Amino acid sequence: MIELKDVCYSVKGELILEDINLVVEAGDFVSILGPSGAGKSTLLNLMHMKIFPVSGYLRVIEYNISNVSPKHIPLLRRKVGMVYQDFKLLEDRDAYENIAFALWATGVRRKTIKKRVLYVLAEVGLSHKRYSQVTKLSGGEQQRVSIARALVNEPYILLADEPTGNLDPETSHEIIELLKRINQKGTAVVMATHKSDIVDTLPGITYRLNQGRMVE
Amino acid sequence: MSLNLVYTVREAFKGLKRHRFSSLMTMLSITISLIILEGFLVLTFNLKRGVDLFKQRLGVEIFIDSSLSAEETEKLRNRIVELKEVEKAVFVSQQQALEEFKAEFEEDIVKIIGENPLPASIRLELAKSYRTTREVEKLETKLLSFPGVEDVIYHGEIFKIVNRYSRIGMMILMALFLVVLFASILLITNTLRLTILSQQRLISVMQLVGATKGFIQRPYLIQGLFHGLAAGCISSALILFLVEVINTFYGDVLILREWLLLIPIVVGLFMGVLGSYIGVRKFLSQ
């Protein structure tokens with residue numbers, strides 16, 4: 001589903017990622033572990049095609065760097081959901097509207113939208129807070145909304161960039177359990193984190209990243 | 001498609017409600033710009049109208065040979081009326097001229113000199129494009145060649161002064177109008193750009209969840225259209241009210257044509273959509 005071969009990425013001549021090789025198959029749970037500044041977010045942004053490598057080969061589902069065009073990017077992002085450390089929610093709306101937006105953007109019918117949003121809200125345990133403004137929700141709840149939004153389009157892959165970075169240990173544990181459940185239902189999950197204690201409890205493959213290079 | 005349209009319109013109005021304070025401020029800024037623009041237009045239009053009216057009144061008078069019969073006089077008048085330079089030609093008989101003299105000077109000239117010395121004349125109102133010194137001089141030569149025309153008089157100096165100063169005045173007004181128009185366009189587009197700037201983060205989040213540029217842009221364009229339309233209507237209504245107040249106190253000095261009231265609405269609509277388009281496009285391309 002995702003394939004990186006000898007991928008390098010640099011900004012203004014400074015190498016951020018060097019010779020990255022990585023494969024994610026359907027149903028995998030891949031953890032990318034590394035300290036701050038190791039290049040984890042950059043790697044996930046490459047997988048989300050927010051940025052592109054300066055050399056090497058990158059493929060995400062059917063899109064690779066030689067055939068992807070700007071008009072494909074919105075389509076790719078409907079198949080690859082992403083959650084962020086800072087949640088990146090539409091702060092002027094409630095939880096329901098945040099999740100529904102991802103479906104409106106893909107032209108889904110109104111009735112279907114309602115059904116699917118309520119379903120994912122139940123999945124992340126936030127049915128009772130569907131009409132709360134997201135700014136009034138706790139960090140954990142905001143991350144759940146973010147996960148629900150990423151899931152509502154039924155993506156093949158879920159990318160999670162430090163999803164527990166802003167959360168207390170108990171809430172972090174809940175979010176990790178939620179990601180595991182999502183993975184068990186068939187969605188591939190790629191999670192970047194700097195917390196090794198979390199990675200120890202996770203299934204699947206772990207890649208260690210340090211100063212832009214894979215060390216293990 | 002229709003579903004997207006429903007979403008777009010709904011989202012646009014929800015956006016106005018969510019960001020009601022900035023919407024109100026945007027509308028207020030656009031309204032002020034449009035009022036200045038419209039006020040300037042009304043002033044220019046009325047000044048030009050005043051000058052035209054003045055020039056129209058500065059007509060040409062043709063004195064007729066007193067030996068012409070009534071039939072010959074009518075023929076002459078008909079010939080003059082057919083000239084392209086002439087908009088209106090009114091025959092003033094000797095008797096009418098005498099009465100006008102009496103009314104103006106409160107004297108009976110017949111009693112003083114024993115006869116009516118005033119000749120019959122034809123008073124001309126010139127067609128709009130012929131109210132210039134050069135055209136009047138050409139017309140004078142032409143009229144003097146007509147049999148039965150004794151003399152042609154017009155206020156040559158005043159014509160020259162009015163023409164010279166009205167041309168300079170109109171050029172200054174046009175230059176000022178362009179400056180005001182340019183300033184209004186800048187102010188309106190910049191106001192809308194700043195309104196959208198405050199939502200830059202929202203726009204980037206929308207892109208991250210897979211919304212296309214068009215999908216993100218459309219509600220903003222409708223909001224821009226609404227801002228422009230509302231500001232245009234408000235400024236037209238305020239100008240209408242202001243003109244009514246001025247006319248009530250100073251006696252119908254200003255005229256307001258319908259098309260003058262339509263201009264801020266059309267400019268508002270156009271600038272509203274354009275400003276929003278420029279604003280969103282800037283952030284979408286980042």
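Values in this text are rule-based calculations from the coordinates and carry no lab data. Because the structure is a prediction, the values reported are computed rather than measured. Virtual Cβ from ideal backbone geometry, glycine too; neighbours counted across all protein chains shown.
Computed quantities for the displayed model
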| quantity | calculated |
| --- | --- |
| Nearest-ten-degree value, helix B:94-105 long axis tilted from longest Cα axis of chain B | 70 degrees |
| Net +/- balance of residues flanking A:Ala26 in space, Cβ distance below 15 Å, scoring K and R +1, D and E -1 | -2 |
| Cα-Cα P(r), the protein assembly as shown, percent of pairs per 10 Å interval | 4, 14, 17, 14, 11, 8, 7, 7, 6, 5, 4, 1, 0, 0 |
| Trypsin sites (Lys or Arg not before Pro) restricted to region B:23-106 and DSSP loop, no more than 14 other C-beta within 10 Å | B:Lys84 |
| Helix axis angle, B:258-284 relative to chain B longest principal axis, alpha carbon, degrees | 30 degrees |
| Eligible lysines near A:Lys79 by straight Cα distance, threshold 25 Å, same-chain separation 8 or greater | A:Lys5, A:Lys40, A:Lys50, A:Lys71, A:Lys88, A:Lys111, A:Lys114, A:Lys115, A:Lys180, A:Lys185, B:Lys213 |
| Region A:1-51, relative contact order [Cα under 8 Å, separation at least 6], % | 30 percent |
| Computed over chain A: relative contact order in percent, which uses C-alpha pairs under 8 Å that are six or more apart | 33 percent |
| Positive-pole candidate from A:Ala160, B:Gly39, A:Pro203, dipole of the protein assembly as shown, charges at beta carbon | A:Pro203 |
| Helix axis angle, A:169-184 relative to chain A longest principal axis, alpha carbon, degrees | 80 degrees |
| Those lysines that a straight Cα-Cα span of less than 21 Å connects to B:Lys142, excepting residues fewer than 8 apart in one chain | B:Lys55, B:Lys75, B:Lys84, B:Lys88, B:Lys128, B:Lys160 |
| Cβ-based charge dipole, region B:103-228, positive-most Cα from B:Ile112, B:Met170, B:Leu221 | B:Leu221 |
| Euclidean distance between Cα centres, region A:65-106 to region A:183-216, Å | 23 Å |
| Per-pair calculated FRET efficiency, R0 = 30 Å: A:Glu25 and A:Lys136 via Cβ, rounded to 0.05 | 0.15 |
| Farthest positive-ward along region B:60-214 dipole, Cα basis, beta-carbon charges - from B:Leu202, B:Leu98, B:Thr191 | B:Leu202 |
| Summed residue charge, Cβ within 13 Å of B:Gly224's Cβ, Lys/Arg positive, Asp/Glu negative | +3 |
| Set of lysines near B:Lys17 by C-alpha distance (under 19 Å), chain-local residues within fewer than 8 positions excluded | A:Lys136 |
| Rounded FRET efficiency, nearest 0.05, which uses the C-beta distance separating A:Arg208 from A:His173 and R0 of 22 Å | 0.50 |
| Coil-residue GluC sites (Glu not before Pro) of region A:1-85, DSSP, other Cβ within 10 Å capped at 16 | A:Glu25, A:Glu62 |
| The protein assembly as shown, helix-only ellipticity at 222 nm - DSSP H runs n ≥ 4, -39,500 (n - 2.57), divided by all residues, nearest 500 | -19000 deg cm²/dmol |
| Label point distance in nm, B:Arg20-A:Lys12, each placed 7 Å from Cα along Cα→Cβ | 4.5 nm |
| Simple Cβ-charge dipole of chain B, Lys/Arg +1 and Asp/Glu -1, about Cα centre, in debye nearest 20 | 3100 debye |
| Prolate/oblate/rounded call for region B:16-66, Cα gyration tensor, a/c under 1.5 rounded | prolate |
| Chain lengthening between B:Ser145 and B:Glu107 when straightened (0.36 nm per residue, less Cα-Cα) | 10.2 nm |
| Three-way shape call for region B:1-135 based on the alpha-carbon gyration tensor, with the a/c threshold at 1.5 | prolate |
| Within-13-Å neighbourhood charge of B:Ser236 [Cβ basis; K, R +1; D, E -1] | -2 |
| Region A:90-180: C-alpha gyration tensor shape, a/c 1.5 cut-off, then a/b vs b/c | prolate |
| Within region A:74-216: Cβ-based charge dipole about Cα centre, in debye rounded to nearest 20 (Lys, Arg +1; Asp, Glu -1) | 960 debye |
| Cα-centred dipole magnitude for the protein assembly as shown, charges only on beta-carbon of K, R (+1) and D, E (-1), debye, nearest 20 | 2440 debye |
| Whole-angstrom gap from region B:13-66 to region B:87-132, using each part's C-alpha centre | 38 Å |
| Of the GluC sites (Glu not before Pro) in region B:86-118, those whose Cβ has at most 13 other Cβ within 10 Å and which sit in DSSP loop | B:Glu106, B:Glu107, B:Glu115 |
| FRET efficiency, B:Ile153 to B:Arg193 (Cβ-Cβ, R0 45 Å, nearest 0.05) | 0.15 |
| Dimensionless Rg over Rh [chain B; C-alpha; Kirkwood] | 1.26 |
